[in-house]
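Here's the structure we're looking at; comments come further down.
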Amino acid sequence: MVLWGGRFNQGPAESVASLSRSIHFDWVLAPYDIRVNLAHVKGLQASGVLSAADASKIMIALVAVGEEIAAGTFLPTQEDEDVHSAIERALVARLGELGGAFRAGRSRNDLVVTDFKLYLIDHMIAIGSELTLLIEEFTIKADEYKSAIAPGFTHLQHAQPINFGHELAKHSQALLRDLSRIQDWISRNSISPLGAGALAGSGLQPHPEQSAADLGFAATHGNSIDAVSDRDFVTEALFVMANIGVHLSRIGEEYTLWSTTEFGWAKLDDAFSTGSSIMPQKKNPDIAELARGKSGRLIGNLTSVLAMLKGLPFAYNRDLQEDKEPTFDSIATLLTLLPALTGMVETTYFDTEKMAAGAVKGHSLATEIADFLAKSGVPFATGHEISGRCVQQAEKLGKDVHELSDAELSAIDPRLTSDLRGTLSAIGAVASRTSLGGTSTASLIKQIHDLNKRNQGFISYFDKQRSHFLEMIQV
Ligand code: ARG
C-alpha cells in the first residue's frame, strides 16, 4: 500500500518501488509507530478533529494491530512501502474509511523521526544495561586480582610494575564514561518531533506538548523545520556506539595478546574460545578478535550517516531514509557482541605467577632508583641520570637492574645505599603508588568501591528510564 496515490495516474514502476521500499528494514519500528500513532490520535480527539467515539475505535484498532505485530500474526508485504504504510493498511482493513482518519495533521516526516527516536532511546538503554554487566565483570575481576603483580607497559615495552587488578579496572572506568555519554544523550534528545507535520507544524493538532508528554519525552520541539530535519540524535548515538566499539576493540586486543604463548597470561574458557579446523592444538581468542574487528563497522556506520547528512537541504529529504540501516546495524552489533565479551571476561583466568615473574624484567624498577634518590634530596634529573647508569651497568653484566648487588650499586653512586633494597622490588614499587587512582592495592580498593557505586547508579538509572518509556501510552 502507498499513501499518496491521488494525483498520480499510475503507480510507481517496479524498479522505483524496490528502490523506495524500506519495509524490509524499518519493520522493527512497528511497535514505536503504534505508540506514536496512539499519542497522535489522542491529540486529535483533544483538539476535536476526531470524535471521542471515532478516536476510541482507532485506538482500539491500533492496540489490536500492535498485538498482532508482537505475535507475528500481522506481517508486512512487499506491497507496503514502509512500516507506516503497512500499519495504515492494517487499520483500513479493520475500520474501512475511518482507518485513514488518524493521519490528519501529521506526516510520515514527523512520524518517522519520532518512531526512530523512541526506538533509539529504547535500544541505547538496552546497550547501557549490557555495558553495566560488562563493567560489573571487570570490577569483580579487578577485585579478584587486586594483589597480583604484573608488568605494566608503555610503547608495549616494560615500563613499571603494576597491580593487575588495576589494569582490569581501567576498562570499567572507560566503559563508565560510555554510560555517562548514553545518559547525556538521552537527556539532550528527549525532545518530541511529533506535531511538526511535513515541515510547517500542524493546524489540526495544536498541542504537541501533550503527545510529547504521553510518549515520555521531556519537551516538544521548538521549530518544526528543525524537528523533521534533525538527525543529530542519530549521529550522536552512532558516535557513542563507535566509541564503545573502540573500547571493546582495545579490550579485544589486550586479551588476544595476553592469550598468546609468548605472554601466556590469559587462560580462555573453552566456551569462550574456538578451535581450528586443521591444527588440533589451537585455542583461538575469536571473541576478542571479533570485538576488535567489529569496531570497524561501528565507525563506518557513523561516517556513513555523517556523509549522507552533509550538505542536505533542511526539512525532509528522502536521503534521510538512509539513516536507519547503519543505526540498526550498530545496535545489533553491540547487542550481539556485548554478552559474548562479558562471558569471556567472566570466564578468563590469569596466570599470576607468570605475570609476577615478568614484572621485574626489562629493568622495570629503574624508576624506583630515581624515586629513592629524589626522596633523599637528589634532584630528579640527576637521579634519573644515575639510574640510567645503573641500567647500563646491569646490561653490561647481563642482569636486570634490581639484580645489581649493594656493592655494584654503591660503586655507581655512594648515595645508592642498602636502604634502596626495600623499594627495589615489584611488590614494594606497587605498594608505594598510593596516590588516588594509583596502582597500590590500597588505592585500588578505593577505586573498586567507587566503580561499584557509579555502576550501581547507572543500573538504577537505566531501569528507571526503561520503565518510564515503556509505561507511556497505556490505553
Ligand atoms: N521511509 C521513510 C523514511 O524512512 C519515511 C518517510 C517518508 N516521507 C516522505 N515524505 N516520503 O525516511
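The values are calculated or read from the model by the stated rules, or taken from the named source; none is laboratory data. Model, not experiment: these values are computed from the prediction. All Cβ positions, even for glycine, are placed from backbone atoms using ideal geometry, and neighbour counts span all protein chains on display.
Odds and ends about this structure:
- You will find that of Gly66, Gly100, Gly96, the residue that is more than 15 Å from the ligand (Cβ to nearest atom) and at positive phi is Gly96 and no other.
- Single unsatisfied condition, Gly252 versus (1) surrounded by fewer than 21 Cβ atoms within 10 Å (Cβ to Cβ); (2) touching an Asp or Glu at 6+ places or on another chain (Cβ under 7 Å): (1)
- Which numbered condition Ile69 fails, given (1) surrounded by fewer than 24 Cβ atoms within 10 Å (Cβ to Cβ); (2) in contact (Cβ under 8 Å) with a residue 24 or more places away in the chain; (3) over 30 Å from Val16 (Cβ atoms): (3)
- Hits in segment 295-330 - residues which are among the basic types (Lys, Arg), within 10 Å of the ligand (Cβ to nearest atom) and farther than 14 Å from Ser22 by Cβ: none
- Subset of segment 90-115 [within 35 Å of the chain's Cα centre (by Cα), part of a helix (DSSP H, G or I) and surrounded by 24 or more Cβ atoms within 10 Å (Cβ to Cβ)]: Asp110, Leu111, Val112, Val113, Thr114, Asp115
- Scanning segment 46-66 for residues that are buried (at least 18 other Cβ atoms within 10 Å of the Cβ) and under 18 Å from Gly197 (Cα atoms) yields Val49, Leu50.
Here is a yes/no grid of residues against (1) modelled with pLDDT of 95 or more; (2) part of a helix (DSSP H, G or I); (3) touching a Phe, Trp or Tyr at 6+ places or on another chain (Cβ under 8 Å); (4) of a type in the set (S, T, N, Q):
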{"site": "Asp329", "(1), (2), (3), (4)": "yes, yes, no, no"}
{"site": "Leu334", "(1), (2), (3), (4)": "yes, yes, no, no"}
{"site": "Pro339", "(1), (2), (3), (4)": "yes, yes, no, no"}
{"site": "Thr342", "(1), (2), (3), (4)": "yes, yes, no, yes"}
{"site": "Val345", "(1), (2), (3), (4)": "yes, yes, yes, no"}
{"site": "Ala356", "(1), (2), (3), (4)": "yes, yes, no, no"}
{"site": "His363", "(1), (2), (3), (4)": "no, no, no, no"}
{"site": "Glu368", "(1), (2), (3), (4)": "no, yes, no, no"}
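- The listed residue being loosely packed, with under 14 Cβ neighbours inside 10 Å and not in a loop (DSSP other than H, G, I, E, B), out of His449, His384, His402: His449
- Val83 within 16 Å of the ligand (Cβ to nearest atom), of a type in the set (A, V, I, L, M) and either on the phi > 0 side of the Ramachandran plot or surrounded by fewer than 20 Cβ atoms within 10 Å (Cβ to Cβ) (or both): no
- Answer from Ala394, Ala429 - the residue that is touching a His at 6+ places or on another chain (Cβ under 9 Å), among the small types (Gly, Ala, Ser) and not in a loop (DSSP other than H, G, I, E, B): Ala394
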